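Chemist: Pasting a structure here, questions to come.
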Amino acid sequence: MKYLKVEHLKCKKRWIKYLIFLAPCIVLLHAGLTYLYFIPNGYNWWYIMLLPGYLALSSSLLNRYEQKGLGYRAVISLPISLKKTWIAKILLLAIYLSLSSLFHLVILILGKATIYSEPAKDISYLSMVFASMTLIITYLWQIPFCLVLSKKIGTAFTVFINVVFGMAMNILFVHKSYWWICPYSWGSRLMIPIIKVLPNGLLAETVHFSDYQLDIVLGLTLSVLLFLILTWRTATRFQRQEAD
């Protein structure tokens, strides 16, 4: 908790905190212009483009704050656990992801409860909550991945790889029987039965939740495992800098 508090203080009055609310607002502003598809578009644009971009940008900003001045050399020289420092960065971004997703969900629920109640009547509140929780879990692995990527190649290439390359991989694998081998397709694949929206934004009206139960279990399990593996491996690698 001490390491987490330190990382949180580093982000005080920084742009990374504003992104928590700014990223969902961009999506919801555009989705609000499409009255009949407010909920489907509100989710589809969120997990296809904005969420990968948000994670790549927030990871890059957190790295940039650390690299100013002496860079990571200042942290390495301190009598602290580098592994815990790295894990604290990942956990902080996971908390920010959860807060951003919660804000996104609350606005969608308010929209469904008020002016968008009629076009959103086929999507239940429970499905929306489950969809948001699923997206958090299936996108967690991108945090340690983007942290390492931004540390190595910078912000622009990290955003490009996670958004453009990720979108291409998602389109390529999401409808295949072997979709599970591509982490970028996990979130959008599970949205098909949960909120009945295809990755291209079209409604999947003939899809039944029961037909995708195995996919949901598999996608969530793989997401948690990949997140834990990447967190452990990247933290271990970061700790080795002390010896270098």
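Chemist: Testing Ile48 on (1) among the β-branched types (Val, Ile, Thr); (2) crowded, with 18+ Cβ neighbours inside 10 Å; (3) modelled with pLDDT under 80, one condition comes back false. Which one is that?
Modeler: Here Ile48 clears every test but (3).
Chemist: Consider Leu99 against the criteria (1) free of Cβ contacts under 8 Å to residues at least 40 places away in the same chain; (2) surrounded by fewer than 18 Cβ atoms within 10 Å (Cβ to Cβ): it satisfies all of them except one. Which criterion is unmet?
Modeler: The failed condition is (1).
Chemist: Another question, then. Report yes if some residue within the stretch 162-176 is closer than 23 Å to Arg233 by Cβ and surrounded by fewer than 19 Cβ atoms within 10 Å (Cβ to Cβ); otherwise report no.
Modeler: Taking every residue of the stretch 162-176 in turn, at least one turns out to be closer than 23 Å to Arg233 by Cβ and surrounded by fewer than 19 Cβ atoms within 10 Å (Cβ to Cβ).
Chemist: Would you be able to say whether some residue in the stretch 104-115 is at pLDDT below 90, open to solvent by 30 Å² or more (accessible area, probe 1.4 Å), in a loop (DSSP other than H, G, I, E, B) and among the hydrophobic types (A, V, I, L, M, F, W, C)?
Modeler: Yes - at least one qualifying residue is present in the stretch 104-115.
Chemist: Listed residues Leu57, Leu82, Leu28; which is at negative phi and at pLDDT 85 or above?
Modeler: Step by step, each of Leu57, Leu82, Leu28 is checked, and only Leu57 is at negative phi and at pLDDT 85 or above.
Chemist: Which count do you get for residues in the stretch 217-236 that are surrounded by 12 or more Cβ atoms within 10 Å (Cβ to Cβ), aliphatic (A, V, I, L, M) and out of contact with any helix residue (DSSP H, G or I) (no Cβ under 8 Å at 6 or more places or on another chain)?
Modeler: 2
The values are calculated or read from the model by the stated rules, or taken from the named source; none is laboratory data. None of these values were measured; they are calculated from a predicted model. Here the Cβ is made from the backbone with ideal geometry for all residues, glycine too, and neighbour counts use every protein chain on show. Each accessible area value is taken on the protein alone, full model and side chains, heavy atoms only, with ligands, DNA and RNA left out. Shrake-Rupley method; radii C 1.70, N 1.55, O 1.52, S 1.80 Å.
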